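The values are calculated or read from the model by the stated rules, or taken from the named source; none is laboratory data. Because the structure is predicted, anything quoted here is derived from the model rather than measured. Counting neighbours? That spans all protein chains shown, and the Cβs are built from the backbone with ideal geometry, glycine included.
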């Protein structure tokens with residue numbers, strides 16, 4: 001009976017620790033769970049007064065929500081406070097457009113040589129990016145092909161992405177129809193964004209997966225192991241009392 005008690009107690013411990021220990025094998029969830037992370041160019045135009053990097057991220061998430069895209073997104077944008085190299089969760093799975101085309105096989109592949117497998121030329125709904133004018137093909141960036149900030153001064157980042165004046169302050173942009181390094185570092189524009197504003201690149205961020213929760217049948221095994229352990233303990237205790 002003592003052996004039975006030990007075995008059932010060990011079984012209960014194994015079940016409990018197995019189901020409630022935080023997962024460590026996969027630190028990425030959501031987009032990683034479906035084997036890719038989504039990337040798109042916003043369908044909307046924005047001048048340089050984005051309310052900082054956080055404001056640009058908010059725009060990306062608003063566009064994703066509008067198109068019913070799951071996940072959390074960050075803008076491919078930089079200033080003196082951060083850049084994709086410091087802000088992004090660096091995905092180990094491919095970045096894929098909303099029409100299914102692969103842009104890069106991972107974050108490392110994205111920034112290794114600065115070129116893309118496919119231009120980021122689709123918006124959040126999978127529609128080809130347009131605009132009729134040159135601005136329709138341009139995205140704010142201030143990011144080098146390596147994912148770091150191109151400029152880190154107020155005057156070179158539209159005053160940390162809070163300024164939309166024409167003249168005096170400029171920052172860099174990329175062409176959303178390009179798959180060469182021009183996709184992120186093509187030239188400069190005034191902070192009014194060629195008058196009507198420019199697009200943003202938005203990248204889905206891998207997130208920690210939720211903790212594992214036992215199924216109903218697993219809960220049953222846990223409870224049964226606990227009951228058996230308790231019964232075994234009581235039998236041993238009763239024998240000691242009557243001995």
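List of remarks:
- Taking the stretch 81-199 and the strands (runs of 3 or more DSSP E) fully enclosed by it, the elements with 3 or more residues that are more than 24 Å from the chain's Cα centre (by Cα) and in contact (Cβ under 8 Å) with a residue 12 or more places away in the chain are at 187-190.
- The set of residues in the stretch 200-227 being touching a strand residue (DSSP E or B) at 6+ places or on another chain (Cβ under 9 Å), part of a loop (DSSP other than H, G, I, E, B), surrounded by 13 or more Cβ atoms within 10 Å (Cβ to Cβ) and at pLDDT below 90 consists of 208, 209.
- Lone qualifier among 22, 32 - being crowded, with 18+ Cβ neighbours inside 10 Å and at pLDDT below 95: 32
Yes or no, residue by residue, for (1) in the same structural domain as residue 196 (by TED's automatic domain parsing); (2) over 18 Å from residue 178 (Cβ atoms); (3) surrounded by fewer than 18 Cβ atoms within 10 Å (Cβ to Cβ); (4) touching a strand residue (DSSP E or B) at 6+ places or on another chain (Cβ under 7 Å):
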| residue | (1), (2), (3), (4) |
| --- | --- |
| 46 | yes, yes, no, yes |
| 52 | yes, yes, no, yes |
| 72 | yes, yes, yes, yes |
| 85 | yes, yes, yes, no |
| 91 | yes, yes, no, yes |
